[in-house]
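Notes to accompany the following structure.
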Amino acid sequence: MSQPLYESVDPETYLKLAKGLSSKPEGVAKRTAADRAYYAAFLTSRDLLAEKGYITPYYNSDDHRYVEVALK
């Protein structure tokens, strides 16, 4: 298995950050909130799909494509 490029972060951590940022009026905060919410959804989807045997994650950027294909 490949080594992750970054330290693993719990999806709930990203979701909490997204919620906090989304309440700020600055556009950059809202864009970052959307990015973190997407990443929380991606990580949750990746882990659930792997747990159920639909994908084998490699913990790199290719996993985004594997999740997309599996969810279609």
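Restricted to helices (runs of 4 or more DSSP H) entirely inside the chain, those with at least 3 residues that are over 13 Å from the mean Cα position of the chain (by Cα) and loosely packed, with under 12 Cβ neighbours inside 10 Å are 27-51. Do you know which residues across segment 11-46 are of a type in the set (Asp, Glu) and free of Cβ contacts under 8 Å to residues at least 24 places away in the same chain? Of everything in segment 11-46, those that are of a type in the set (Asp, Glu) and free of Cβ contacts under 8 Å to residues at least 24 places away in the same chain turn out to be Glu26, Asp35.
All of the numbers you see were taken from the coordinates with simple rules; none came from a lab. Note that the structure is a prediction, hence the values are computed from the model and not measured. We place every Cβ from the backbone using ideal geometry, glycine too, and count neighbours over all the protein chains shown.
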